[in-house]
Amino acid sequence: MSQRPTLLVTGADLAPQALALLGDFNVLFAGKTPTEDDVVALCRQHDPVAIIVRYSKVGAAAMDAAPSLRVISKHGSGTDTIDKVAAQARGIRVVAAVGANAAAVAEQALALLLACAKSVVTLDQRMHAGHWDKSTHKSIELDGRTVGVVGLGAIGLRFARMAHAMGMRVLGFDPYAQQLPDFIQSVDLDTLWRESDAISLHCPLTADNARLINASTLAACKPGVIIVNTARGGLIDEAALLDAVRSGQVGGAGLDSFAVEPMSAPHPFHGEARIVLSPHIGGVTADAYVKMGVAAAQNALAVLNHG
């Protein structure tokens with residue numbers, strides 16, 4: 001039996017560069033798709049001092065099953081799968097690898113925006129089927145258009161910079177953001193809905209902003225607006241979005257996150273030509289995997305070593 005303290009990873013692997021930092025710990029992997037019950041059982045059996053969260057939720061039951069637990073470190077920036085209220089009540093620190101996947105996710109958001117504006121997927125499918133739509137198809141030019149960015153953390157700011165570089169006017173909403181670059185016009189949400197030709201979500205999911213994109217807010221948008229979500233699926237009322245796509249109120253949607261993940265099959269979005277889908281891989285690149293793993297390990301060690 002190892003005398004080293006245990007660090008639990010709620011996943012099957014961690015970047016070698018991150019593991020190299022954790023030599024003083026018995027690193028335990030929960031597997032590819034651990035359930036919440038799996039995590040609780042492993043906590044009860046091994047009493048970890050730290051958990052690096054990749055997949056699954058970590059709630060009060062897991063915390064109570066691990067009396068030695070001092071820190072829960074997210075392998076990424078979104079901590080909505082961790083019960084932060086329960087952690088605070090038990091004196092357990094919750095930390096996140098903020099910014100480690102910023103480039104990866106911002107690039108995915110831009111790719112989805114471009115895919116929608118330029119009908120990339122539809123035209124590709126038509127070409128492969130032997131069609132040549134040059135005389136009938138018109139794409140959307142983004143230069144000079146307005147993009148609304150909801151959430152101006154590391155990812156939102158990076159996306160905003162890229163949109164600005166393409167000649168877009170950038171509106172931003174983030175009540176917590178300070179010292180924004182001068183190319184971002186800070187506005188309230190009503191203004192953002194009303195004036196944006198495209199909207200990209202980059203905010204964390206909270207009880208206050210669940211279903212931020214809904215029938216009412218979509219109706220307030222410009223006809224033909226493009227919606228991009230690389231943040232959290234719970235920010236969108238999916239039934240309302242589908243209705244708005246079908247009516248033409250939403251010209252296209254590029255989605256990398258969903259209310260229920262993995263996405264169920266069949267799903268109402270399946271087969272919708274103007275909805276471009278990716279399986280929550282915005283932050284999944286070889287580079288981000290290393291950056292997030294190292295940051296998660298360093299963040300856990302910072303708490304364990306210094307409190």
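By other beta-carbon atoms within 10 Å, ranking Y55, Y176 with the fewest at the front produces Y176, Y55.
FRET efficiency for the pair D37 and A302, taken as 1/(1 + (r/R0)^6) with r the Cβ-Cβ distance and R0 = 41 Å, rounds to 0.85. Here's how it looks for I227: its modeled amide H is under 5 Å from those of I199, G252, A253, G254, which are all 5 or more places away or on a different chain. The long axis of helix 102-117 is offset from the longest Cα principal axis of the chain by roughly 20 degrees.
For the chain, modelled as a GNM whose springs connect Cα atoms under 10 angstrom apart, the maximal fluctuation among D133, D143, D287 occurs at D133.
The helix-based estimate of mean residue ellipticity at 222 nm for the chain, built from -39,500 (n - 2.57) per DSSP H run of four or more residues and divided by its residue count, is -10000 deg cm²/dmol to the nearest 500.
What's the FRET efficiency of K84 with I281 using the Cβ-Cβ distance as r and R₀ = 25 Å, to the nearest 0.05?
0.50
Given their separation in residues at 0.36 nm each and the Cα-Cα distance between them, F183 and A210 gain 6.9 nm when the chain is fully extended.
When the chain is treated as a GNM with alpha-carbon contacts under 10 Å, the residue of S196, S135, S216 showing the greatest mean-square fluctuation is S135.
Between H164 and T191, the FRET efficiency from the beta-carbon distance, with R0 = 22 Å, is close to 0.75. Just checking the listed ones, S186, S278, S139: in the Gaussian network model of the chain with Cα springs under 10 Å, the one fluctuating most is S139. Assuming charge only on the beta carbon of Lys and Arg (+1) and of Asp and Glu (-1), the dipole of the chain about its Cα centre is about 300 debye to the nearest 20. Put simply, the amide H of G31, placed in the peptide plane, has neighbours under 5 Å in G11, A12, leaving out anything fewer than 5 places away on its chain. Against the main long axis of the alpha-carbon atoms of the chain, helix 36-46 sits at an angle near 20°.
Counting every other Cβ atom within 10 Å of each residue's Cβ, E238, E36, E141 order from fewest to most as E141, E36, E238. What does the C-alpha gyration tensor say about the overall shape of segment 185-285? Classify as rounded when a/c is under 1.5, otherwise prolate if a/b is larger than b/c, or oblate. Verdict is oblate for segment 185-285. Phi angles of segment 236-245 translate, via the Karplus equation with coefficients 6.51, -1.76, 1.60 and θ = phi - 60°, into HN-Hα couplings of 10, 7, 5, 5, 5, 5, 4, 4, 6, 5 Hz per residue; Gly and Pro are given as x.
Here's how it looks for I52: its modeled amide H is under 5 Å from those of L8, V9, T10, S73, which are all 5 or more places away or on a different chain. Taking other Cβ atoms within 10 Å as a rough exposure proxy, T79, T33 sort from fewest to most as T33, T79.
For the chain, relative contact order (Cα pairs under 8 Å, six or more residues apart, normalised by length) works out to 19 percent. In the set (1) 72, 45, 42; (2) 59, 47, 34; (3) 71, 46, 33, the label that goes with Cα extents along the principal axes in Å computed for this structure is (3). Compute the acute angle (0 to 90°) between the alpha-carbon long axis of helix 286-306 and the principal axis of greatest extent of the alpha-carbon atoms of the chain; round to the nearest 10°. The two axes meet at around 40 degrees.
Each reported figure results from applying straightforward, stated rules to the coordinates on display, with no laboratory input. Bear in mind the structure is a predicted one, so any value in this text is a computation, not a measurement. Every residue, glycine among them, receives a Cβ derived from its backbone with ideal geometry; neighbour counts consider all protein chains shown.
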